[in-house]
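The values are calculated or read from the model by the stated rules, or taken from the named source; none is laboratory data. Computed from a predicted structure; not experimentally measured. Cβ atoms come from the backbone with ideal geometry, glycine included; neighbour counts cover every protein chain shown. Note: accessible area is taken over every heavy atom of the protein model, side chains too, but ligands, DNA and RNA are not part of it. Shrake-Rupley method; radii C 1.70, N 1.55, O 1.52, S 1.80 Å.
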Amino acid sequence: MHVAIDHQSPTPPYEQVRSQIAARARTGELPVGLKLPTVRALAEQLGLAANTVARAYRELEADGVVETRGRAGTTIAPTGDTSHRLAATAAAEYAARAARLGLTRDEALAAVATALDAAYR
């Protein structure tokens, strides 16, 4: 598995690792069930601290992109359903909170558009 780190980028290394693995899992380049390198092995390969790679793996697991099974290692999870389910849950929670805060539908949508613009720049 090839991951490239741009040390000149303002994006933190853990996020570079996370986003590259997530993107490749989403496209199928990293197939479901593929075993990822251990945290230590990938950290050594990339010249990063083990905690940096561990953070990327934790975030990938929280997003449903990978599954960690102790000694069995970390593998690519079937992400399609999980990703959509997690996004739908987050959207429902946001909508409920925006309504409790008294925002109009247009105000809530404007806040989402701003957040998405910031996340996808």
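Remarks
- Of ARG40, ARG100, all but one fail to be under 23 Å from ALA113 (Cα atoms), surrounded by fewer than 17 Cβ atoms within 10 Å (Cβ to Cβ) and among the charged types (D, E, K, R); the exception is ARG100.
- When ARG69, ARG85 are screened for being surrounded by 10 or more Cβ atoms within 10 Å (Cβ to Cβ), closer than 30 Å to VAL39 by Cβ and at pLDDT below 90, only ARG85 passes.
- Contact map, the range 105-121: residues that are within 30 Å of GLN16 (Cβ to Cβ) and touching a residue at least 12 places away in the same chain (Cβ under 8 Å) paired with residues that are of a type in the set (A, V, I, L, M) and surrounded by 12 or more Cβ atoms within 10 Å (Cβ to Cβ), Cβ distance under 8 Å, separation 6+ or inter-chain. Pairs shown: ALA111/ALA98; ALA111/LEU103.
- Every test in (1) among the aliphatic types (A, V, I, L, M); (2) farther than 27 Å from ALA111 by Cβ; (3) at pLDDT 90 or above is passed by MET1 save one, and that test is (3).
- Meets criteria (open to solvent by 60 Å² or more (accessible area, probe 1.4 Å), among the hydroxyl-bearing types (Ser, Thr, Tyr) and within 20 Å of TYR120 (Cβ to Cβ)) for THR27: yes
- Qualifying residue in the range 98-106 (condition: modelled with pLDDT under 90 and assigned to a helix (DSSP H, G or I)): no
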